[in-house]
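Inspection log for the structure reproduced underneath, given as structure tokens.
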Amino acid sequence: MAKNLRWKVLLIVGVIALAIYSFYPPDKKVRLGLDLKGGVHLVLRVQTEDAVRLETQTTADRLREQLRTQGITNATVTVVSPTEFRVENIPPDKDPAFRNLLTDIDPVFNRSSGAGSYTFTMRPNIAVQLRDESVTQALQTIERRVNELGVAEPIVARHTGADQILVQLPGVTDVQRAKEIIRSTALLELKIVEQGPFPDEAAARQAYNNNLPPDLQIVPGTSEGAPGDRPGTVYYVVRRVPAVTGRDLRTARQSLDENGRPAVSFSMNKEGAGKFGAVTQANINRQLAIVLDNRVVSAPRIEERINDEGRIHGNFTSEEAADLALKLRSGALPASLTYLEERTVGPSLGQESIRAGVLASIGGLVLVMLFMLFYYRLAGINALVSIVVNLFLLLGLMAYIGATMTLPGIAGFILTIGMGVDSNVLIFERIKEELQTAKGARQAVSAGFDRVFLTILDTHVASLIAAGFLFQFGTGPIRGFAMTLTIGLLSNVFTAVFVSRTLFELILSRRRQVATLSI
Amino acid sequence: MQILRNPNYNFIRWRWQAIALSAIVIMAGFVMIAARGLPLGIDFSGGTLMVIKFEQNVHEDAVRSAISGIPGDKVIQPYGDPSERAWLIRLPLGGPEQGTSLEQGAQAVVNALQQANVGKFEVISQEIVGPVIGRDLQLKGIYATLASIVGITAYIALRFRFAFAVGAIVATLHDVLVTIAFLTFFGYDLSLNVVAAILTITGYSVNDTIVIFDRVRENLRGMRRESLEHVVNLSVNQTLGRTIITAGTTFLAVFSLFLFGGEVLRGFAFTMLVGIVSGTYSTVFIAAAIAIILTGKQAKRRGTTAAKPAAGGRKAS
């Protein structure tokens, strides 16, 4: 019996030591949630429609190009909806040649044909796949950008809805900048300028007699004036197919232009350098439009063949240049994003919350402890020990599994204290009852624990069910609460039943004959 | 030391009065909600919530008139202690849900305050919830509550009798409704944190009920000849000390949260306070009463009244 008791005590001491080890030092190992640390919480929606539309658009563009090289010049390709395009006016004698072009398209689009015309509709499973991929890509891109921002312990994850992404940036207070960096598509395209700049769009159309060839497009841009001039909007006519895109970049960094103004330098990867060299060689003395998110940032004149190095300069501030370089490095987003939810907690409010929450917890703890000591005397100490052990275990487990401590989490702590006290009260009251029937202290303690064990099990399982659903359906802070509660309930079974009982046995083992108990 | 030495109150006798009292509170809550609408926080309704801290003391009217140009029903309240000089401003959901327009309301408030020249200020927290998220969270809140109620009912039905499970669930629903009624009386908004508190109460109330039911189950084994009414009343009395002490200590802990937990936790703590009182009350007066009423009906229907005589008046020994 005594040996048995020694092992129990050792086990308890070991568990406590392990718990303390895993959360010490607490300021390093216990993760604080945004509501305590301050920071930004964002939920974005990926406009997955964009990815589908883009696929349809590029497929149609490519087909148009191929038709031209095949000499089927009368045919027209028009995009009619994000998932559908139509090809018309295929001469009957060219039909076999046209069908030959479709080997790449058929796996992606369903085809229905009429007289010399075809309608292509994206296959539903492909559309679903594209949407899903666009969310994954967006997630990865945002992750890279957030990492480049240098935020400690950011969270970038899929949110509840299929197309939603959750971003949490602890410690970040400049919401506008963070939002801008995350949201901007950062699609970089270098396109050869055919004509321009024009002061307005109509003038650009006029230059082509209002009949713009399908391989050209009009892109707005910022007029390049002397520094300090008020920038206006101008329009360029550029080739639709870019010479190189952001995908061909190897890296980008903030730099200065020849006038010492902030700029962004980039270098191409091998493939990009080949394409870029050929295009610049063929277009010396023409302008090259640097198009970012469908807007011309600048349109420098090509003076010589450029292989792998280039520089973008617009009217950047140094921070804008740094942010642009960051966005280019992390790649373009496959689809645009909209914000669904935005929460910012200033660091001062977070600090205030911690102070208040901790103060309240300690206050509650002290009040409850005083009551237990007053009401249960010696056994009250037993209750205190199990409450403190419970809190240690809770902290230790939370640190161990890397759970985040939120404000409702602190409330969960308080609730755990409540549950722990309840278990102790249940047991103590039962022991008192058993003592009345005068079986001696040892039997009373033993019977009390045995009888109450089932009750404690039932109450804890029921609470665990509630906490489980809370975790399942809850978000953010609520999850933190459910997490704390779940861990608290588990450690509570251990402390209330095992630790508390061992303590009683320890007290009783010191004495031979025990008829009374201070309870 | 003992608060109550062998208590022997006839709680079950008061069951109809208790049910009537609860019905009145809940009905009053419904009337209030029907008149004013459910006080949804921005988590569920969507909208903008800002906390703005001024460097100097600013009168409420100054803040109000500064942002009077912004359309929609605005709420302006002092946030925390007056010495904090912080104000809470809430704007309704506005505009289509576009990335650019989500923060429009917040931006407008900042611009308006700057133009009105009411003094230097800092936005210390800003929450903007779009309609999609609001709807999402509403659904989830309802799902979580329903799912946990179904889960707990199933567990109690498994461990005890079905009539007990119904009793526990009626008591739990009672607590949820009473709490929502009190939230409306005292003008607290239903936020995510408050829903968490309500769900905690659910667990807490069931916890209380199970303790008594466990005792009923244990007592029934030894007293097969006694009426259920008598056994339940005895069990409620036997566990009364524990019920009071636990409710008292938990109340103490949460009261400390309510007083010192800061503005962010106030709604949460208030909900818990109401829930603890209601949970204890419903355990003693509602859960057991329903279980007895249901068991009585079942027994009558089966014509086995002889096995459980309706000798409810007999006192506990």
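Any read-out appearing in this document is the output of simple, stated calculations on the displayed coordinates, not a laboratory observation. Quantities reported herein were computed from a predicted structural model and do not represent experimental measurements. For neighbour counting, all protein chains shown are included, and Cβ atoms are generated from backbone atoms with ideal geometry for every residue, glycine included.
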Members of the range B:60-85 that are among the aliphatic types (A, V, I, L, M) and free of Cβ contacts under 8 Å to residues at least 40 places away in the same chain: B:Val75, B:Ile76
Go over the candidates A:Ala482, A:Ala462, A:Ala467, A:Ala496 one by one and state the one that is under 41 Å from the mean Cα position of the chain (by Cα), on the phi < 0 side of the Ramachandran plot, without any contact (Cβ under 8 Å) to a residue 12 or more places away in the chain and crowded, with 17+ Cβ neighbours inside 10 Å. A:Ala462
Could you go through the range A:1-14 and let me know if any residue there is crowded, with 16+ Cβ neighbours inside 10 Å and touching an Asp or Glu at 6+ places or on another chain (Cβ under 9 Å). yes
Counted residues, the range A:374-398 - those being away from every other protein chain (no Cβ under 11 Å) and without any contact (Cβ under 8 Å) to a residue 40 or more places away in the chain: 4
Within the range A:32-52, identify whether any single residue is more than 27 Å from A:Tyr400 (Cα to Cα), in contact with a helix residue (DSSP H, G or I) (Cβ under 6 Å, 6 or more places away or on another chain), crowded, with 19+ Cβ neighbours inside 10 Å and not hydrophobic (A, V, I, L, M, F, W, C), and answer yes or no. yes
Please note which strands (runs of 3 or more DSSP E) are completely contained in the range A:223-313 and include at least 3 residues that are farther than 27 Å from A:Thr59 by Cβ. A:233-239, A:249-256, A:262-268, A:309-312
Can you tell which of A:Val219, A:Val156, A:Val193 is under 25 Å from A:Gly350 (Cβ atoms) and buried (at least 20 other Cβ atoms within 10 Å of the Cβ)? A:Val156
Pairs returned, first residue in the range A:38-60 that is farther than 17 Å from A:Val128 by Cβ, second residue that is of a type in the set (Gly, Ala, Ser), beta-carbon separation under 6 angstrom, 6 or more apart or interchain, are A:Gly38/A:Gly346; A:Gly38/A:Gly350; A:Gly39/A:Gly171; A:Val40/A:Ala178
For A:Asp248, state whether it is acidic (Asp, Glu) and touching a helix residue (DSSP H, G or I) at 6+ places or on another chain (Cβ under 6 Å). yes
Of everything in the range B:179-226 that's surrounded by fewer than 20 Cβ atoms within 10 Å (Cβ to Cβ) and of a type in the set (Gly, Ala, Ser), which residue is nearest to A:Arg430 (Cα to Cα)? B:Gly222
Considering only residues that are at the interface with another protein chain (Cβ under 7 Å from one of its Cβ atoms) and among the polar types (S, T, N, Q), which ones fall in the range A:340-361? A:Thr344, A:Ser348, A:Ser353
Note on the range A:90-109: residues assigned to a helix (DSSP H, G or I) and exposed (fewer than 13 other Cβ atoms within 10 Å of the Cβ) are A:Pro92, A:Asp93, A:Pro96, A:Asn100, A:Thr103
Look through B:Gly105, B:Gly119, B:Gly167 and report the one residue that is over 20 Å from the mean Cα position of the chain (by Cα) and away from chain A (no Cβ under 12 Å). B:Gly119
Conditions first: (1) within 14 Å of another protein chain (Cβ to nearest Cβ); (2) buried (at least 22 other Cβ atoms within 10 Å of the Cβ); (3) under 15 Å from B:Val178 (Cα atoms). B:Val254 passes all but one, so which condition is the exception? (3)
